[in-house]
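Below is one structure, written out as structure tokens, with a few remarks after it.
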């Protein structure tokens, strides 16, 4: 894989003073892949992106682009382009001048670069706004200009630094679909940095989860969600009931670290072959399409005093579900054993249980 | 405060309910000062320029005529002085812009926070010293055995001594902070991501400078040049101290209003820098530099 990889990072590290921002990252990103780097702020994902672009010099390690060592090269000598979080459009140039900037500094003839810039603007459906100034555009339009300005250079790799972070939710969803379509059309490798796990799951072929400057896990969205290899990944990607110590003994029946997704736990109607337990509803959180039930489980009959709390996600399918007054009610919970993920192999570390995007 | 009576009887309440009154009280005194002390004086100056002085009694005769302006136009030396003054103002502005740019760039984009603060103070520091002290310091610098001579002599270059070069150098030194500060403020407002984007799109540092930094900085340069240009146009002390026998427009004004006692002619001469400045401001306004002030 490393021969054909669009990007290869070898033992990449970066420290700012005493802060180790990136700590020994090894990564191969395949040609044409939509690859996301996901993690909380300060996890090192943006620093890795900036090192690939050439804005930061790694403290140690190597960066290969299509097999070629570019570690010491300045940004203008690398065949990658970046879409910045704040778009970084040149305020003194029109939209079309912004888009053709990369071609202009590479001495592409005027007619040719105008035509290619117009095409790129057409790709992002802004063909009619070429003569405007960036200041006259909405956030979503600026975002698309930034994308066109990068794509017009036909780079080997497009780097995107939280490009949708400044957009409101509805626009962000639209842009996600558009990004995916554009990536499929142009066939360029996309490296996408985000702290929004839902965005990463929606867009990516593969995701690398970052924490504390290290990669926790690299996998496809499905593998990442269904088979997290550490408590951190289980907590950061989606929500999890993380069970350790007494809670693990109470729910799973043995020592270790385990995770169960809230939507994998059945309430009231329990399927065949499920492990069951009973408890009291402490809280019902109305989410619109679904409800979150927080259930305090009964102490197991073995008299050990082990207790646990589980969060259950249930679709609002009937009137019964909309009754918020189920607080205090006794309920029966059940889950299939295969949905309990054993994380005992990985070191137990503190994990965010609720990630707010 | 009692309920109900609050706001009704207090002056604060009255002001709160009458925003125009509040604005009037706030802006009245400074506007009065600006109107009377400044605009009236400028108007009086302009009027005086159309009067004459009786050459025997030295009294001002309030007779409308264009004699002063005719003299300015017909006597060659005044045109020479006017163009010399303009040339000095342009040179000072160019020298300041060229020196200020790297300093401002370093302060805004390279220096750490701590160094930024130190450099801002260092740039402002000369403004706290007296103008005369600084001018006389440069007189010492350019003296026959001074540091400039000492520096240039080993290279076989003789010191320019007192003259126009010394005048330009000294004025450029005096007004440099007025050029650095607007440039620094202008560069501070350029996000780093713009420079990174330019490099990312394939531009070498020189191209980024030419295509991104300088165009964005142009209004700030003009803003600074308004200071360096207008301050130079009106100056007459520096040229007396380091300029040798050379005269600028300010000297003509000074001599005519003082020793010669020809106030109307002095007023006519003084309108030249005002007109030059108005033309310059009109040109600069089109670049958006006035938004930077």
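The values are calculated or read from the model by the stated rules, or taken from the named source; none is laboratory data. Note that this is a predicted model, so its numbers are computed, not measured. Counting neighbours? That spans all protein chains shown, and the Cβs are built from the backbone with ideal geometry, glycine included.
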- Message: Looking at the stretch A:299-321, I want the residues that are farther than 16 Å from residue A:333 by Cα and have a partner that is buried (at least 18 other Cβ atoms within 10 Å of the Cβ) and modelled with pLDDT of 75 or more with Cβ atoms under 7 Å, at least 6 apart or on another chain. Which pairs are those?
- Response: A:304/A:249; A:306/A:249; A:306/A:250; A:316/A:291
- Message: Take residue A:149 and tell me if it is at the interface with chain B (Cβ under 9 Å from one of its Cβ atoms), assigned to a helix (DSSP H, G or I) and in contact with a helix residue (DSSP H, G or I) (Cβ under 6 Å, 6 or more places away or on another chain).
- Response: yes
- Note on the structure: Among the residues of the stretch B:163-211, the number that are buried (at least 22 other Cβ atoms within 10 Å of the Cβ), within 14 Å of another protein chain (Cβ to nearest Cβ) and part of a helix (DSSP H, G or I) is 5
- Item | Residue in the stretch A:67-88 that is within 10 Å of chain B (Cβ to nearest Cβ), farther than 30 Å from residue A:20 by Cα and crowded, with 19+ Cβ neighbours inside 10 Å present | no
- Message: Given the criteria exposed (fewer than 15 other Cβ atoms within 10 Å of the Cβ), without any contact (Cβ under 8 Å) to a residue 60 or more places away in the chain, out of contact with any strand residue (DSSP E or B) (no Cβ under 6 Å at 6 or more places or on another chain) and in a helix (DSSP H, G or I), does residue A:115 qualify?
- Response: yes
- Query: On the given criteria, is residue A:125 under 31 Å from the mean Cα position of the chain (by Cα), surrounded by fewer than 23 Cβ atoms within 10 Å (Cβ to Cβ), modelled with pLDDT under 90 and in the same structural domain as residue A:166 (by TED's automatic domain parsing)?
  - Reply: yes
- Specify which of the listed residues (A:23, A:31) is over 19 Å from the mean Cα position of the chain (by Cα), part of a loop (DSSP other than H, G, I, E, B) and surrounded by fewer than 18 Cβ atoms within 10 Å (Cβ to Cβ). A:31
- Within the stretch A:105-123, identify whether any single residue is within 11 Å of chain B (Cβ to nearest Cβ) and within 30 Å of residue A:48 (Cβ to Cβ), and answer yes or no. yes
- Message: Among (1) within 21 Å of the chain's Cα centre (by Cα); (2) in contact (Cβ under 8 Å) with a residue 40 or more places away in the chain; (3) not in a strand (DSSP E or B), there is one condition residue A:42 misses while meeting the rest; what is its number?
- Response: (2)
- Considering every residue within the stretch B:227-242, establish whether at least one is closer than 30 Å to residue A:146 by Cβ and buried (at least 19 other Cβ atoms within 10 Å of the Cβ). no
- Note on the structure: Taking the stretch A:35-52 and keeping residues in contact with a helix residue (DSSP H, G or I) (Cβ under 6 Å, 6 or more places away or on another chain) and surrounded by fewer than 22 Cβ atoms within 10 Å (Cβ to Cβ) leaves none
- Can you find even one residue in the stretch B:216-236 that is at the interface with chain A (Cβ under 9 Å from one of its Cβ atoms), assigned to a helix (DSSP H, G or I) and on the phi < 0 side of the Ramachandran plot? yes
- Counting only residues that are under 17 Å from residue B:273 (Cα atoms) and touching a helix residue (DSSP H, G or I) at 6+ places or on another chain (Cβ under 7 Å), which one in the stretch B:32-70 is surrounded by the most Cβ atoms within 10 Å (Cβ to Cβ)? B:68
- Message: Among the residues that make up the stretch A:45-56, is at least one of them more than 8 Å from chain B (Cβ to nearest Cβ) and over 27 Å from residue A:224 (Cα atoms)?
- Response: yes
